[in-house]
Amino acid sequence: MANKNYNILIVDDDAEFHQQIRYAFRRNYVFEGAINQEHLEKKLKERSDFDLILLDLMLDDSNEMVGLDMIPDLASRFPEIPIIVVTADKKIDTVVQAMKQGARDFLTKADYDFDFWNKKFQEVLQSQSLREENKALRQEVQKHRDQKQKEFTFIGESQKILEIKRILRLVSEEPDITVLITGETGVGKEVAARFLHSHGARKDKPFQAVNLSAIQKTLLESTLFGHKKGAFTGATRDMEGYFKQANGGILMLDEIGDIDANIQIKLLRFLETKMIRPVGADKDIQLDVQIVAATHRDLKDEVQKGHFRADLYQRLKAMVVKIPALRERRADIPLILQHYYPGEDVNEIISPMAMDKLKNYHWPGNIRELKNAISYMQLRKKIFDRKQIDLDCLPVEIQEFNELVDTFYTNGSSAPDQEMAPTSPESPPPPSNLTIEEEHALIDLRKIEQSLFRKNKVKKDVAVELGLENTDNLRYKIKKYFDKHPHLFKDFPLICESYKRIVKLEE
Amino acid sequence: MKQVSYLSTDQITPKAVQNWFEQQGYQFVPLTDASPQPSEAFQKIEILILFVPFFHNNVYISNENVWKSFFQEHYPDVLLLTAGYIKQAHTNYLDLLQLPEDLPAFLQNAKSINQFDRFPFSGGLDVEKKLHKFYKGHGDESLTYELGKIARIITMAVDELKQAVPFPEIYKDLLIPNRIIEKWKVLTNRWQNYLPFFKGLPFDTTLQEVHDGFSSIAPFFEGGCEDEHLLIDLNCKEKLHEIKQKLEIIGRQYG
């Protein structure tokens with residue numbers, strides 16, 4: 001198999017040899033040639049994306065192997081271009097020397113054989129492709145890790161979070177202690193576990209997280225502890241479980257409150273002995289794994305109800321870290337939002353009104369819900385073609401949420417803008433027989449009307465508030481809506497008044 | 001009676017010393033198979049004298065160290081001596097102008113083949129240097145370098161024929177641009193020049209086979225390389241490959 005896309009550079013002082021190789025391999029590769037070192041340098045200056053260099057060792061009549069001396073320099077400057085030495089000399093010493101200098105392979109001119117040479121080219125080219133692929137994969141993995149790290153950055157400067165971070169740092173110095181992380185769903189228990197991992201002695205070892213409630217009960221034991229081939233129907237080969245995969249590092253067992261009694265016993269055994277036995281195995285395996293358990297359940301309560309073993313609970317609660325709900329650390333909301341808008345100023349992206357709404361919301365789904373809201377808001381911003389995320393872009397439940405505003409005040413945070421409680425008459429609900437276009441126009445017009453009210457009809461301020469570049473854009477928008485839907489304007493007196501020349505309602 | 005064998009390109013000198021050997025109690029016999037592969041003839045030899053330098057085609061040739069390599073490789077128990085008319089001081093050199101009084105004592109004193117490095121230079125044309133040039137080098141004198149080029153081009157030509165490329169195209173695109181006819185001439189000229197120097201060497205038989213190999217494919221080249229049938233029927237690719245292999249075997253030891 002050959003690939004015409006491969007570019008091969010022949011370096012040889014024998015012009016006829018160039019012609020022969022080009023001729024013999026014309027169907028397989030694209031060739032360029034250099035007849036001496038100077039010419040080679042010129043070629044490499046023109047382009048450095050050759051896939052292979054075929055290098056003769058004797059590049060002049062001096063009988064000196066100048067090519068041999070060129071290999072280390074070429075190999076260090078162009079590590080991605082493999083070199084095959086092609087020469088008349090087939091002394092073992094020369095071969096060894098060339099390979100030591102960095103040549104990938106060696107061919108003797110006198111032993112030309114198309115298939116053999118082609119095989120060598122392919123081997124080197126493919127091994128190089130593999131190297132590059134590996135390199136790309138490694139970069140991809142690193143990128144993925146970075147991305148993962150970014151996803152799992154423990155964001156927060158609130159007092160509660162700073163204290164938790166301090167505790168986790170201290171706990172991370174104890175690589176064998178079992179940690180129980182509690183908190184509502186979506187508060188970032190895995191984030192906290194990863195924070196612990198990244199700051200501790202096990203940071204260069206694996207981190208495995210497994211959501212126990214997401215795994216079928218019948219499969220849980222083998223998923224966690226592994227199994228031997230033939231242990232059960234369908235076990236066609238030995239399989240490592242999460243425990244083994246996490247050996248040396250941390251295993252995070254999320255939703256530990258959901259596991260059944262059988263797994264609870266096995267887990268307890270591991271915590272006591274650090275040993276596991278894969279399903280179907282006749283020997284225990286000693287492991288070095290730190291367990292970080294997490295749950296949204298009240299384990300104490302579960303113990304009392306008889307759902308959770310008391311001895312396991314005792315083991316797990318050696319170190320308990322409770323992650324507060326997002327509503328208990330509202331000050332971190334802008335920071336979290338900023339994290340998802342890297343390189344941008346979140347205060348420019350999100351209008352003050354929308355930001356207040358976001359800060360006031362009670363976030364029952366915590367950070368997970370906030371992340372989903374961000375995606376939703378982005379999409380709505382695009383749909384509405386807004387410069388900023390405004391109230392219209394927020395999920396309905398956030399838009400309509402007012403309950404916690406009072407709580408928010410009582411917590412001593414800054415008061416929301418007066419826009420939160422507009423004194424202008426609320427716009428009427430859209431008639432049910434409106435088209436989508438009309439509904440969108442209504443949403444926009446309502447917003448303009450409210451803004452005109454808030455900004456005392458100062459158009460420039462209204463434009464800024466609505467994220468428009470200038471008043472011309474605002475005027476254009478109104479004209480566009482009026483041209484298409486004049487009947488909608490009767491409910492917006494401030495717009496009609498401010499844009500008398502455009503909005504001419506029939507009496 | 002003990003036997004001393006000898007190798008010589010002229011008959012006069014051995015005859016001149018034959019009586020002396022017999023007087024010393026040794027049968028003095030020529031090695032009849034003068035261009036041997038390792039053979040039975042050599043297995044019987046205990047003492048061998050090389051008359052140096054060899055004289056062949058009006059040229060004196062020093063090839064004693066090539067023979068030494070041969071015996072060292074195949075028959076290290078043979079007591080190898082040289083004999084000649086020039087002055088040399090070596091335990092294994094028999095000065096024909098000053099023969100020793102006591103041959104058994106001389107032979108007793110001579111070193112076995114593994115005990116000395118080389119014979120001193122006997123004054124003729126140095127065959128080892130010729131062999132080196134024959135095999136090595138990137139320049140004008142190497143025969144194997146030239147042979148390698150021709151073999152490569154012919155291999156490519158036959159490969160192309162197998163790919164159903166018409167021979168005229170191969171001729172035009174490969175043979176002519178690579179001056180195959182010229183190369184053949186260079187090769188055969190070099191061969192003719194080298195061959196006389198390699199006469200009387202241990203691999204003489206192989207060289208004769210190589211010579212025959214060249215002769216068998218010569219019609220294709222001498223016909224201007226235009227006849228596709230000659231290329232195939234004369235097995236040019238295979239013959240060249242065989243020749244290369246034969247020469248490589250010699251080259252590995254003597255080249």
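The values are calculated or read from the model by the stated rules, or taken from the named source; none is laboratory data. Remember, it's a predicted structure, so these values are computed and weren't measured experimentally. Don't worry about glycine lacking a Cβ; one is built from the backbone with ideal geometry, like all the others, and counts go over all protein chains shown. When the accessible area is computed, the model is the full protein with side chains, heavy atoms only, and any ligands, DNA or RNA have been set aside. Shrake-Rupley method; radii C 1.70, N 1.55, O 1.52, S 1.80 Å.
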What does the structure give for A:15-26 when I average, per residue, the other chain Cβ atoms found within 10 Å of the residue Cβ?
4
Quick query: amide H of B:D126 versus all other amide H atoms, modeled in the peptide plane; which residues come in under 5 Å with a sequence gap of 5 or more or a different chain?
B:S62
So what's the angle, to the nearest 10 degrees on a 0 to 90 scale, between helix A:114-151 and the longest Cα principal axis of chain A?
30 degrees
Could you tell me the center-to-center distance, by alpha carbons, between the range B:199-255 and the range A:429-507 in angstrom?
98 Å
For the range A:162-169, take each phi angle, set θ = phi - 60°, evaluate the Karplus expression 6.51 cos²θ - 1.76 cosθ + 1.60, and give the result in whole Hz per residue in order, putting x for glycine and proline.
4, 5, 5, 4, 4, 5, 4, 4
Taking θ as phi - 60°, what are the ³J(HN,Hα) couplings along the range B:52-57 by the Karplus curve (6.51, -1.76, 1.60), each to the nearest whole Hz, with x for Gly and Pro?
10, x, 5, 10, 8, 6
Looking at the square roots a ≥ b ≥ c of the eigenvalues of the Cα gyration tensor of the range A:7-132, which shape do they give, rounded for a/c under 1.5, prolate if a/b is larger than b/c, or oblate?
rounded
According to the square roots a ≥ b ≥ c of the eigenvalues of the Cα gyration tensor, what is the shape class of chain A, taking rounded for a/c under 1.5, prolate for a/b larger than b/c otherwise, and oblate for the remainder?
oblate
Mind running the shape call on the range B:2-123? Use the C-alpha gyration tensor, a ≥ b ≥ c as the square roots of the eigenvalues: rounded below 1.5 for a/c, prolate if a/b tops b/c, oblate otherwise.
rounded
Would you mind checking which residues have amide H under 5 Å from B:Q3's amide H? H placed 1.01 Å from N; only 5 or more apart, or other chain.
B:Q27
Could you rank the peptides A:321-327, A:340-346 by their average count of other C-beta atoms within 10 Å per residue, with the highest value first?
A:321-327, A:340-346
Cβ crowding within 10 Å averaged over residues, with A:88-94, A:163-169, B:59-65 ranked highest first:
B:59-65, A:163-169, A:88-94
So the angle from the long Cα axis of helix B:143-162 to the longest Cα principal axis of chain B, reported in degrees to the nearest 10, equals 30 degrees
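Roughly how much accessible area, to the nearest 100 Å², goes out of reach of solvent when A and B pair up, both sides summed, probe 1.4 Å?
1900 Å²
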Note to self, chain A gives a 222 nm [θ] from helices alone (DSSP H runs n ≥ 4, -39500 (n - 2.57) apiece, / all residues, nearest 500) of -14500 deg cm²/dmol
Under the definition of partner shielding as Cβ atoms of other protein chains within 10 Å of a residue Cβ, what is the mean value for peptide B:170-178?
2
Heavy-atom accessible area of A:L434, protein chains in place, probe 1.4 angstrom, given in Å² to nearest 10, is 30 Å²
Over 18 Å (Cα to Cα) among A:K90/B:K133; A:K135/A:K203; A:K189/A:K371; A:K217/A:K274 -> A:K135/A:K203; A:K217/A:K274
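Report the local net charge at A:G230: Lys and Arg +1, Asp and Glu -1, summed over other residues whose C-beta lies under 12 Å from its C-beta.
Values: positive: A:K228, A:K229, A:R237; negative: A:D238.
Local charge sum for A:G230: +2.
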Summarise the partner chain shielding of B:143-155 as one whole number: the mean count of Cβ atoms from other chains within 10 Å of each residue's Cβ.
4
Provide the per-residue ³J(HN,Hα) series for the range A:379-393, in order, calculated from phi with Karplus coefficients 6.51, -1.76, 1.60 and θ = phi - 60°, each as a whole number of Hz, with x at glycine and proline positions.
5, 4, 4, 5, 4, 8, 6, 9, 7, 10, 7, 10, 4, 5, 7
Ignoring ligands, DNA and RNA, the residues of the range A:44-61 whose accessible area with a 1.4 Å probe is reduced by 10 Å² or more relative to the chain alone are A:M58, A:D61
Hey, how many Å between the Cα centroid of the range A:229-255 and the Cα centroid of the range A:267-288?
11 Å
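Can you tell me, using C-alpha contacts under 8 Å and at least 6 residues apart, the relative contact order of chain A as a whole percent? Please report the intermediate quantities before stating the final value.
On the way: 709 pairs, mean separation 46.9, N = 507.
For chain A, the relative contact order is 9 percent.
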Ordering A:130-137, A:287-294, A:254-261, A:373-380 by per-residue average of other C-beta atoms within 10 angstrom, highest first, gives A:287-294, A:254-261, A:373-380, A:130-137
Proximal aspartates and glutamates to A:K283, defined as alpha-carbon separation beneath 12 angstrom and excluding residues fewer than eight positions away on the same chain
none
